[in-house]
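The values are calculated or read from the model by the stated rules, or taken from the named source; none is laboratory data. Model, not experiment: these values are computed from the prediction. Here the Cβ positions follow ideal geometry from the backbone for every residue, glycine too, while neighbour counts run over all protein chains shown.
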Amino acid sequence: MNLTESLLLALKNHGARQIFGIPGDFALPYFRIIEESKILPLFTLSHEPGVGFAADAAARINCSLGVAAVTYGAGALNMINSVAAAYAEKSPLVVLSGGPGKGESHSGLLLHHQAKTLDSQFQIFREITCDQVRLDNARRAPADIARVLASCLRRSEPVYIEIPRDMVAVPCEPVVPEVALPPDQDALNACVDEILERLAKANSPVLMAGVEVRRYGIETQVAELSRRLGVPVVTSFMGRGLLADQQAPLLGTYMGVAGFPEVTHLVESSDGLFLLGEIICDTNFAVSETKIDMRKTIQALDGRVTIGYHTYSQLPLAALVDRMLERLGVGEKVFPIERQVFPSGLVADSASITPTDIATAVNDLMIEHGKMPIASDMGDCLFTAMEIEHTALVAPGYYATMGFGVPAGLGLQAATSQRPLILVGDGAFQMTGWELGNCKRYGWDPIVLLFNNASWEMLRTFQPESSFNDLDHWGFAEMAAGMGGDGVRVNTRAELKAALDKAIRTRGRFQLVDITIPRGVLSDTLTRFVAGVKRLSGVK
Ligand code: S1T
Ligand code: MG
């Protein structure tokens, strides 16, 4: 076995199911082994940001490792933003980069793709990964790979593996996975007892499920926990889509002033708010109607549990939830909850289309044809997603980068074989929408809803006086055929409904619905968000 085969087998044994990538001369040797060994399928895309987003989405939807394979310099550095997004949103992404071999590193020449020093790339990736290794020693390689992949899964954060091109075929031992040490049982029991006591004493306990619940694959256990505790569940903006297919008392998504008042009131008035795997960030908590005193909450994140002014460390989320379930026993406390009602029954008339009309049309589609997983970009499309029935959702709800939607939808279909719905604005589509051209060769056929307001509309809502937010109308629908799909431009609600009915019936080709939205028309959710942010910041 050679070093690359040992690495590929280790990736597969740690949960990876595919590789997304773009080669280069520093990467050709290891790409050849990927292709010839057939250990993991390889999907090449057109631009490294898309490679990173697709691999990230595959990790999220499968609750396992995502793998992005690139060349040194121009490739890896082109993917920095995607890896930063994965780091911020705790996605277990493995970055494989080709690298200069020993001989050429000491040639005395500056190498192509080199920025500052040959080590610069490694240093840059230190900032957006939790562990790194350069595989320049075949004897050490198995242990190094085991350590880095264990870090990736334990921390649910990206890692960086550089493969010098003169090492790829060197003989190498197989990787023996590291054995995770069990948590301190006394600390775990003390922490669980304290949490349960605090929740039992609370008059209005609430459980907020955060992204770590998905990343560590414990949605079923958390749904069970909420039923045994008899406590209502909410998600944050970033956690939307969690527990969508679970039997849980899921009230809805907390968005402060931009959310549904009953959910906002429940969370902000709770005297027992249990933040389970939730990232404490501005997109989740900055628009609170009344500021939440985090010192009065129970926070379990990053392997730590903070209750009031003290913290338990090294308590993995899954171990915490399992021990709580043990302590609670099997009884469930069923209680009535008022679930959020989502808009449905689109009036298919000649009226122009609003983002909330799109949500209504999607809800109608899913009522008739069943739920679809959604990949959303950043923009009003993501706020509109809050008006769509709960379903699996991958989106940059915290890091908030554009360009995620289309590649993430492709990564989702590659990873699950499910047909995704992709929500994307025109500005974001201009960035990475062209990855749709790769659908034909892989048989992917997403339905793409392009929110075309010919504008960077989210920016305009905060700075309406700037005309640089005006975008031109691009012929996205006309371009679809040239990329191997079908495209249609729709201007009325009747046309939108007809286009969705046609799209859902057409398989084997991506379906692009280019939806004209009058400039300045926002979703109900974004309208509330903007009004709330302005009110909270005292802007008229
Ligand atoms: N570049 C990237 C890669 N990500 C970003 N989030 C931004 C820039 C800043 C930015 C936004 S929202 C937005 C930009 C440029 C406009 C999005 O336009 P479009 O996709 O058409 O969606 P919509 O018209 O619904 O706004 C965030 C706030 O930082
Ligand atoms: Mg736009």
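Observations on the structure shown:
- Extreme residue, nearest to ligand 2 (Cβ to nearest atom), among residues of the range 376-388 that are closer than 26 Å to G508 by Cβ and not in a helix (DSSP H, G or I): D377
- Test for L109: is it modelled with pLDDT under 95, surrounded by fewer than 24 Cβ atoms within 10 Å (Cβ to Cβ) and hydrophobic (A, V, I, L, M, F, W, C): yes
- Any pair with Cβ under 6 angstrom, 6 or more apart, that starts in the range 215-231 at a residue that is surrounded by 23 or more Cβ atoms within 10 Å (Cβ to Cβ) and ends at one that is outside any helix (DSSP H, G or I): V222/A209; S226/L207; S226/V233; S226/A248; S226/P249
- Close pairs from the range 428-455: first of a type in the set (S, T, Y), partner near ligand 1 (Cβ under 8 Å from one of its atoms) and outside any helix (DSSP H, G or I), Cβ under 6 Å, at least 6 apart: T432/G403; S455/L471
- The residues in the range 303-348 that are touching a strand residue (DSSP E or B) at 6+ places or on another chain (Cβ under 8 Å) and closer than 22 Å to V234 by Cα can be counted, and the count is 11.
- Criterion (assigned by TED's automatic domain parsing to the domain that holds L276, surrounded by 17 or more Cβ atoms within 10 Å (Cβ to Cβ) and either modelled with pLDDT of 95 or more or among the basic types (K, R) (or both)) met by exactly one of V175, V192: V192
- Taking the range 250-336 as the region of interest, the strands (runs of 3 or more DSSP E) fully inside it that hold 3 or more residues being touching a residue at least 12 places away in the same chain (Cβ under 8 Å) and surrounded by 20 or more Cβ atoms within 10 Å (Cβ to Cβ) are 250-254, 272-276, 298-301.
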